[in-house]
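Student: Quick one: structure below, then a few questions.
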Amino acid sequence: MAMSRDDIYTEVEEVLIDALGLDDDEVTPEATLMGDLGAESIDFLDIVFRLEKSFDVKIPREELFPAENLISNPEYIDNGKVTEKGLEVFKEQMPHTDFSGFAADPDINKIADLFTVNSVVNFIELKLK
C-alpha cells in the first residue's frame, strides 16, 4: 500500500529528530536542514542512510543533495550568484525542491536554504512512486 504524504512526513520527521538530536517541535515543513535544524554536511550522510532504511529505497547522495556538484561548475555560478543556466540545471536535478523564493535572489550562500523538510518529503514521495 502506498504511503500517504502525512505518513511520509512523520517518518522523515522521525529520521531528522534522530539524526540531528532535535525536539519534535523543531521540525516543521518549512524548516531548512542547515539553517534551522543545524545539519552539517556530515549529517547528510546519516540522514540519507536513515531515509534509505526507513523507506527501503536507494538514494544516491548527489540525487537528494546535488548542489555540491553544481556549485563547482563555473558555468552555473557568476559573481556569487547562480546563473540562469545554473538555475535550469538545479530545477532539473531537484524537482522535489521549491525554487520560487530562491530564483528571485539566487545568491550562492542561500543554496542551503533550498534543503527544507518539505523538499525531503517531496523527494521521498517521488522516490516511492
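Student: If I filter the stretch 40-58 for residues that are closer than 17 Å to Ile111 by Cα and outside any helix (DSSP H, G or I), do I get at least one hit?
Tutor: yes
Student: Can you pull out every residue in the stretch 13-37 that is within 14 Å of Ser119 (Cβ to Cβ) and assigned to a loop (DSSP other than H, G, I, E, B)?
Tutor: Val27, Thr28, Pro29, Glu30, Ala31, Leu33, Met34, Gly35, Asp36, Leu37
Student: What is the number of the single condition among (1) under 19 Å from Asp105 (Cα atoms); (2) more than 15 Å from the chain's Cα centre (by Cα) that Thr10 does not meet?
Tutor: (1)
Student: How about the stretch 64-122: which helices (runs of 4 or more DSSP H) wholly inside it have at least 3 residues that are free of Cβ contacts under 8 Å to residues at least 12 places away in the same chain and charged (D, E, K, R)?
Tutor: Details: elements: 67-71, 84-93, 100-104.
Result: 84-93.
Student: Also, quick follow-up: Tell me whether the stretch 78-91 contains one or more residues that are surrounded by fewer than 18 Cβ atoms within 10 Å (Cβ to Cβ) and under 29 Å from Glu14 (Cα atoms).
Tutor: Within the stretch 78-91, one or more residues are surrounded by fewer than 18 Cβ atoms within 10 Å (Cβ to Cβ) and under 29 Å from Glu14 (Cα atoms).
Student: Tally up the residues in the stretch 92-101 that are surrounded by fewer than 13 Cβ atoms within 10 Å (Cβ to Cβ) and either under 13 Å from Leu70 (Cβ atoms) or hydroxyl-bearing (Ser, Thr, Tyr) (or both), please. Can you show your working first?
Tutor: The initial filter retains those residues of the stretch 92-101 that are surrounded by fewer than 13 Cβ atoms within 10 Å (Cβ to Cβ), namely 92, 95, 100-101.
After this cut, where a residue has to be either under 13 Å from Leu70 (Cβ atoms) or hydroxyl-bearing (Ser, Thr, Tyr) (or both) as well, the list is 92, 100.
Residues that pass the stated criteria total 2.
Every number in this text was worked out from the coordinates using simple rules, so none of it is lab data. Since the structure is predicted, the reported quantities are computational estimates derived from the model, not experimental observations. Don't worry about glycine lacking a Cβ; one is built from the backbone with ideal geometry, like all the others, and counts go over all protein chains shown.
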